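Trainee: Submitted below is the structure of interest, expressed as structure tokens.
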Amino acid sequence: MLTGTLRRVPWARSAHRVAVVADGRQVVVADPALATITPGENVAGEPRDEVTFDGVRAERAAPSPVDAAGLRRWGALARAVQLTGAMRGALDLAVRYAGEREQFGRPIGRFQAVQQMLAELAGEAAVADVAVRAAVRAPDDEVAVAAAKANASRAAGRAAAIAHQVHGAIGVTQEHGLRRFTLRLWSWREEYGDETTWADVLGGRPGDPWATLTGR
């Protein structure tokens with residue numbers, strides 16, 4: 001029997017079945033029609049619903065290959081990958097806009113201040129991408145995933161801010177493509193743990209932090 005509340009479930013309102021990791025290492029499948037679903041959404045407008053079960057009998061149950069902590073770790077890695085992709089998309093738009101938008105008779109991308117912002121944005125995207133690629137090669141390594149998600153979440157906020165600085169007011173309009181990336185950066189950075197959550201995981205590991213970082 002399932003009793004409890006699942007929060008911020010993507011697209012629960014449209015799901016035919018809900019799979020839940022319960023009792024440590026059991027995965028159970030339940031009919032969402034028997035649950036109470038409260039619609040919600042993240043900043044980007046993507047469905048994130050609340051699902052409440054009150055004594056609902058599971059249709060099927062089987063041993064789970066991953067526990068709740070492992071599922072959260074995989075989710076964090078998936079969001080980190082998405083964050084780096086969204087940062088790259090915001091960077092591409094910012095570079096293109098800086099080359100097209102003219103001020104004082106020349107593209108704004110020729111001004112040193114704008115070049116510095118674009119360089120910082122590119123740097124944030126590159127550093128996050130390196131950490132994420134390392135974690136993808138070792139998805140079960142908690143240190144690698146924690147570092148990737150903490151760094152990607154941290155960089156997401158700065159990347160979104162710089163992209164909007166380059167675009168000015170036009171970047172926040174409904175019809176402009178930039179908001180498709182930045183709204184997701186602001187949303188995904190919080191999902192499956194923000195930078196503080198994963199930094200706490202790294203900081204709370206036993207032993208010498210230097211050894212954790214260097215492997216020595």
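No lab work stands behind these numbers, since they all come straight from the coordinates. Everything numeric here is computed off the predicted structure, so don't read it as measured data. Using ideal geometry, Cβ is built from the backbone for each residue, glycine included, and neighbour counts are taken over all protein chains shown.
Trainee: With point charges of +1 on the Cβ of Lys and Arg and -1 on the Cβ of Asp and Glu, referenced to the Cα centre of the chain, which listed residue (153, 63, 128) lies farthest in the positive direction of the dipole?
Mentor: Positive-end residue among those listed: 128.
Trainee: Place the peptides 136-148, 107-119, 198-210 in order of packing, highest mean first, counting for every residue the other Cβ atoms within 10 Å and averaging per peptide. Please list the in-between numbers first.
Mentor: On the way: 136-148: 18.3, 107-119: 14.1, 198-210: 12.5.
Top of the packing list down: 136-148, 107-119, 198-210.
Trainee: Taking the dipole about the Cα centre of the chain, with the C-beta of Lys and Arg at +1 and of Asp and Glu at -1, give me whichever of 76, 112, 35 is farthest to the positive side.
Mentor: 112
Trainee: Another one. For the chain, give the magnitude of the charge dipole about the Cα centre (Cβ charges: +1 Lys/Arg, -1 Asp/Glu; no others), in debye to the nearest 20. Before the final figure, lay out the partial values.
Mentor: On the way: 27 positive and 25 negative charges, 85 e Å.
Approximately 400 debye in magnitude.
Trainee: Quick one: plug the Kirkwood hydrodynamic radius of the range 84-202 (C-alpha pairs) into Stokes-Einstein at 20 °C, 1.002 mPa s, and report D in µm²/s.
Mentor: Approximately 144 µm²/s, per Stokes-Einstein.
Trainee: Taking R0 as 30 Å, what FRET efficiency do you get between residue 158 and residue 100 from their Cβ-Cβ distance, rounded to the nearest 0.05? Intermediate values should be presented prior to the final figure.
Mentor: Details: r = 23 Å, r/R0 = 0.78.
Result of the calculation: an efficiency of 0.80.
Trainee: If the only charges are +1 at each Lys and Arg Cβ and -1 at each Asp and Glu Cβ, what is the size of the charge dipole of the range 1-129 around the Cα centre, to the nearest 20 debye? Intermediate values should be presented prior to the final figure.
Mentor: Working: 16 positive and 15 negative charges, 26 e Å.
Here the range 1-129 has a charge dipole of around 120 debye.
Trainee: Would you mind classifying the range 22-148 by shape? Square roots of the alpha carbon gyration tensor eigenvalues, ordered a ≥ b ≥ c; an a/c under 1.5 is rounded, otherwise it is prolate if a/b is larger than b/c and oblate if not.
Mentor: Details: a/c = 5.22, a/b = 2.08, b/c = 2.51.
Oblate, because a/c is 1.5 or more while a/b does not exceed b/c.
Trainee: In terms of the Cα gyration tensor, with a ≥ b ≥ c the square roots of its eigenvalues, is the chain rounded because a/c is under 1.5, prolate because a/b exceeds b/c, or oblate?
Mentor: oblate
Trainee: Can you pull out the trypsin sites (Lys or Arg not before Pro) in the range 1-99 whose DSSP state is coil and whose Cβ has at most 11 other Cβ atoms within 10 Å? Walk me through the numbers before you get to the answer.
Mentor: Numbers: sites: 7, 8, 13, 17, 25, 48, 57, 60, 72, 73, 79, 88, 96; in loops: 17, 25, 57.
Passing both the DSSP loop test and the Cβ count: 17, 57.
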